[in-house]
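The values are calculated or read from the model by the stated rules, or taken from the named source; none is laboratory data. What you see is a predicted model; the values in this text were computed from it and never measured. Cβ placement follows ideal geometry from the backbone for every residue including glycine, while neighbour counts extend to all protein chains displayed. Side chains are part of the model used for accessible areas, which takes the heavy atoms of the whole protein and leaves out ligands, DNA and RNA. Shrake-Rupley method; radii C 1.70, N 1.55, O 1.52, S 1.80 Å.
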Amino acid sequence: MVRMSAEERRESVIRAATVEFARGGYHGTSTEVIAKRVGVSQPYLFRLFPDKKAIFLAAAERCVEDTIRTFGEAAEGLEGEDALHAMANAYTKVIAERPERLMMQMQMYVAVAAAEEAGEHEFGEAVRAGWMRLWDTVHLPLGADVNETTTFLAYGMLVNCLVAMGFPPEHRVWEGLYPSARIKGRLEH
């Protein structure tokens, strides 16, 4: 069996943490369950990351970066409505195929609210910085139009909420979304 490097193991921890935090949230997920999913001890986990917050922030950062990459690749060479529909299609495909990415996003927002309430601003600062990179990734292909960018991201948040609540794709709540923002087929949770 080939041994993984620390960097490969770190990547494994981020992937496992994304799944576990998506399922249980920041406060409902133990580092023990993350270590177990990766197949390492908790002490080894803490050699890779200083604490649970650092693991969560690494998973949150990866989630945001993956979404940015999804939008950027989809919109490459496109602008306006073509870019909008390409990004919407790409995003709905990703969250249908990888629901843990959607749920990790939702958990990020909850964790920020809880941390801000407790006076811990690191979560919020990191997530807001990621959100701004996401905003900029969408903003330029949409013609740097603030209203278009806001509407696109608002639809995205609505899609997130509808999927998280388990509304099936054929439900009437999806009818007002532009076709590329609709989830095709049944979502598997």
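Might you check whether a residue that is among the polar types (S, T, N, Q), in contact with a Leu (Cβ under 9 Å, 6 or more places away or on another chain) and either modelled with pLDDT under 95 or in a helix (DSSP H, G or I) (or both) occurs anywhere in the range 29-45?
yes
If we keep just the residues of the range 107-130 that are open to solvent by 30 Å² or more (accessible area, probe 1.4 Å) and in contact (Cβ under 8 Å) with a residue 24 or more places away in the chain, which is nearest to the chain's Cα centre (by Cα)?
Residue satisfying both the conditions and the ranking: Q107.
Might you let me know whether the range 88-101 holds any residue that is open to solvent by 10 Å² or more (accessible area, probe 1.4 Å) and in contact with a Leu (Cβ under 6 Å, 6 or more places away or on another chain)?
yes
For the range 54-77, does any single residue satisfy the condition of being of a type outside the set (S, T, N, Q), part of a loop (DSSP other than H, G, I, E, B) and within 14 Å of L140 (Cα to Cα)?
Yes.
Only residues that are assigned to a helix (DSSP H, G or I) and over 17 Å from the mean Cα position of the chain (by Cα): list them for the range 148-171, please.
E148, T149, T150, T151
Any idea which of (1) β-branched (V, I, T); (2) touching a helix residue (DSSP H, G or I) at 6+ places or on another chain (Cβ under 8 Å); (3) open to solvent by 30 Å² or more (accessible area, probe 1.4 Å) is the one V138 doesn't satisfy?
(3)
Determine if the range 131-144 includes at least one residue that is under 18 Å from the mean Cα position of the chain (by Cα) and under 20 Å from A54 (Cβ atoms).
The answer is yes; a qualifying residue exists.
Check the range 141-155 and report whether any residue there is within 21 Å of T18 (Cβ to Cβ), of a type in the set (A, V, I, L, M, F, W, C) and surrounded by 13 or more Cβ atoms within 10 Å (Cβ to Cβ).
There is no residue in the range 141-155 that is within 21 Å of T18 (Cβ to Cβ), of a type in the set (A, V, I, L, M, F, W, C) and surrounded by 13 or more Cβ atoms within 10 Å (Cβ to Cβ).
Are there any pairs with C-beta distances below 8 angstrom linking a residue in the range 51-80 that is free of Cβ contacts under 8 Å to residues at least 40 places away in the same chain to a residue that is of a type outside the set (A, V, I, L, M) and in a loop (DSSP other than H, G, I, E, B), with the two at least 6 apart or on different chains, and if so which?
As it stands, the answer is K52/Y26, since those pairs meet every condition given.
If a residue must be open to solvent by 50 Å² or more (accessible area, probe 1.4 Å) and within 15 Å of the chain's Cα centre (by Cα), how many such residues does the range 14-41 contain?
2
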